[in-house]
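These notes are about the structure you will find just below.
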Amino acid sequence: MKKYLVATAAIFAASLAYAGEDSTLAIEGEVFVTEVDAPEHMENVSTLYSGWTFRADETQALQLDDFDNPAFLFLDQAIDQWDTVEGSEGKSCSTCHEDVADFAGLKSTLPRVEDGELVTMTNLVNECVTDRMGAEPWKYSGAKMSAMTALIAHQSRGMTMNVAIEGDAAPFWERGKELYYTRVGQLDMACSNCHEDNYGNMIRADHLSQGQINGFPLYRLKNAKINTTHGRFKGCMSNIRATPFKEGSEEFKALELYIASRGQGLSVETPAVRN
């Protein structure tokens, strides 16, 4: 039986009156899952809500139409990069992968374990860049990587998040869970303090969400560019005055797996639009 935080739930219900909770996320006739029962492994949350649910109407509207969604300017850049030869081997992405649409379903299953190692989409892209193209690795949250991973993740849009957390993935998932609930920094806060205990409440001029990552990489209005999952982790840690782990670190990869598992059943929205 899941525990339910009555006080938090009551505040959440009231707060959502300002967050367009009655809206439906539908793009080109496809309705996305933005609310679903929480998976069994979550003890303190009964219902999952996409970050889209917490946004103001005008922000939600940007995601409803791909022509209005500013993220697609960056996806267009990635489409150009897809055919760009780079490195000593004279190859581009399209040399080996004819159509980026072939990656449909990849985003919904990542991170995942390969050969005993937890890998993210960025790891997979950089493996191609270095080993197959003979080029220098792209920066983890750099412009090229952010746009390319958004383009690849976009091929899974509308599919539901479904990462593996058992078997070989279990120790990585447990490590991510530990990190999620560990208080750090001068403010002595954990991820859970905001995104589990206080979602729906106001922080400055915005609503706290559940911290779902089903829309990443996404366009953030605050800095007018594509933001990555690890970039957001780094920003959160800086906000609570903690020393962030390195993007691409084992800690952030484990945390990404755990948080992805907290969004099981929500639709992939990449590229989402957030504040």
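Where a number appears in this text, it was derived from the coordinates with a stated rule and is not lab data. It should be emphasised that the depicted structure is a prediction, and the values quoted were computed from it without experimental measurement. Using ideal geometry, Cβ is built from the backbone for each residue, glycine included, and neighbour counts are taken over all protein chains shown.
The fewest-to-most ranking of 173, 82 by surrounding Cβ atoms within 10 Å reads 82, 173. So, R0 is 22 Å and r is the distance between the beta-carbons of residue 79 and residue 206; what FRET efficiency does that work out to, to 0.05? Efficiency, rounded to the nearest 0.05: 0.10. List residues of region 192-218, by number, whose backbone nitrogen lies under 16 Å from a label position 7 Å along Cα→C-beta of residue 56. The answer is 202-209. Taking other C-beta atoms within 10 Å as the exposure proxy, 236, 96, 191 rank 96, 236, 191 from fewest upward. The string of couplings for region 195-204 from the Karplus curve (6.51, -1.76, 1.60, θ = phi - 60°) is 8, 10, 7, 10, 5, x, 7, 7, 10, 6 Hz, one whole number per residue in order, with x for Gly and Pro. With neighbours defined as other Cβ atoms within 10 Å of a residue's Cβ, the residues 241, 274, 262 order from fewest to most as 241, 274, 262. According to the Kirkwood relation over distinct C-alpha pairs, the hydrodynamic radius of the chain is 19.1 Å. You can think of it this way: the chain between residue 65 and residue 250 has 63.0 nm of extra reach, that is 0.36 nm per residue less the Cα-Cα gap.
Backbone amide hydrogens, once placed in the peptide plane, bring residue 112 within less than 5 Å of 119, excluding anything fewer than 5 places away on its chain. If the chain linking residue 102 and residue 166 were pulled fully straight, counting 0.36 nm for each residue of separation and taking away their Cα-Cα distance, it would gain 20.4 nm. The simple Förster model, with R0 at 35 Å and r as the Cβ-Cβ distance, assigns residue 44 and residue 92 a FRET efficiency of 0.15.
Kindly write out, for region 243-248 in residue order, the coupling ³J(HN,Hα) from the Karplus curve 6.51 cos²θ - 1.76 cosθ + 1.60 (θ = phi - 60°), rounded to whole Hz, with x marking Gly and Pro. Once θ is set to phi - 60°, the couplings for region 243-248 become 7, x, 5, 6, 4, x Hz. A Förster radius of 25 Å, combined with the Cβ-Cβ distance separating residue 197 from residue 30, puts the computed FRET efficiency at roughly 0.15. Once the gyration tensor of the Cα atoms in region 183-275 is diagonalised, the equivalent ellipsoid follows with semi-axes of 19, 16, 15 Å, ordered largest first. Around the amide H of residue 47, modelled in the peptide plane, lie the amide H atoms of 38, all under 5 Å away and 5 or more residues distant in sequence or on another chain. For residue 27, nonlocal amide neighbours, meaning residues 5 or more places apart or on other chains whose placed amide H falls under 5 Å from its own, are 32. For the chain, the relative contact order comes to 26 percent (Cα pairs under 8 Å, sequence separation of at least 6).
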